Amino acid sequence: QVLLVESGGGLVQAGGSLRLSCAASGRTFSIYAMGWFRQAPGKERELVSAITWSAGSTYYTDSVKGRFTISRDNAKNTVFLQMNSLEPADTAVYYCAATKRPPMATVRWYDDWGQGTQVTVSS
């Protein structure tokens, strides 16, 4: 099992920025990719971005392309999500998750999850 702990959420005005962090521990050697998900009230959880641990290949959902950047520090077992030009529609609980196999955009394979961090964007 991989233990994931998110941090960095908060309240920000539209147009502002936040940087989320996710620290992994436990069986980190098993990680193929880590992803950021979000879930807003009344909506299903969606994959926002993901990155492979070894090669650093990235994925972004269309709504955040050009605004969000995912990165990782392999030595520290940490993944980041830099969120710029935030919009009220970005308001959600953001979750970090890990998958042990490709492809990184296949949600069903993410089986280790963090507890979530709230991001609220005001207008």
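The values are calculated or read from the model by the stated rules, or taken from the named source; none is laboratory data. These figures come from a predicted structure and were not determined experimentally. Backbone-built Cβ (ideal geometry, glycine too); neighbour counts: all protein chains shown. Heavy atoms of the whole protein, side chains included, go into the accessibility calculation; ligands, DNA and RNA do not. Shrake-Rupley method; radii C 1.70, N 1.55, O 1.52, S 1.80 Å.
A few remarks follow.
- Selection of the range 108-123 for residues being on the phi < 0 side of the Ramachandran plot, touching a residue at least 60 places away in the same chain (Cβ under 8 Å) and surrounded by 14 or more Cβ atoms within 10 Å (Cβ to Cβ) yields Tyr110, Asp112, Trp113, Gly114, Thr117, Val119, Thr120, Val121.
- Residue that is least open to solvent (accessible area, probe 1.4 Å) [pool: residues in the range 70-103 that are more than 14 Å from Ser57 (Cβ to Cβ) and hydroxyl-bearing (Ser, Thr, Tyr)]: Tyr94
- Scan the range 76-113 for residues that are over 11 Å from the mean Cα position of the chain (by Cα), hydrophobic (A, V, I, L, M, F, W, C) and at pLDDT 90 or above and the total you get is 6.
- Members of the range 4-17 that are of a type in the set (A, V, I, L, M, F, W, C), under 15 Å from Ser85 (Cα atoms) and open to solvent by 30 Å² or more (accessible area, probe 1.4 Å): Leu11, Ala14
- Qualifying positions in the range 71-106 - in a helix (DSSP H, G or I) and under 16 Å from Ser30 (Cβ atoms): Asn74
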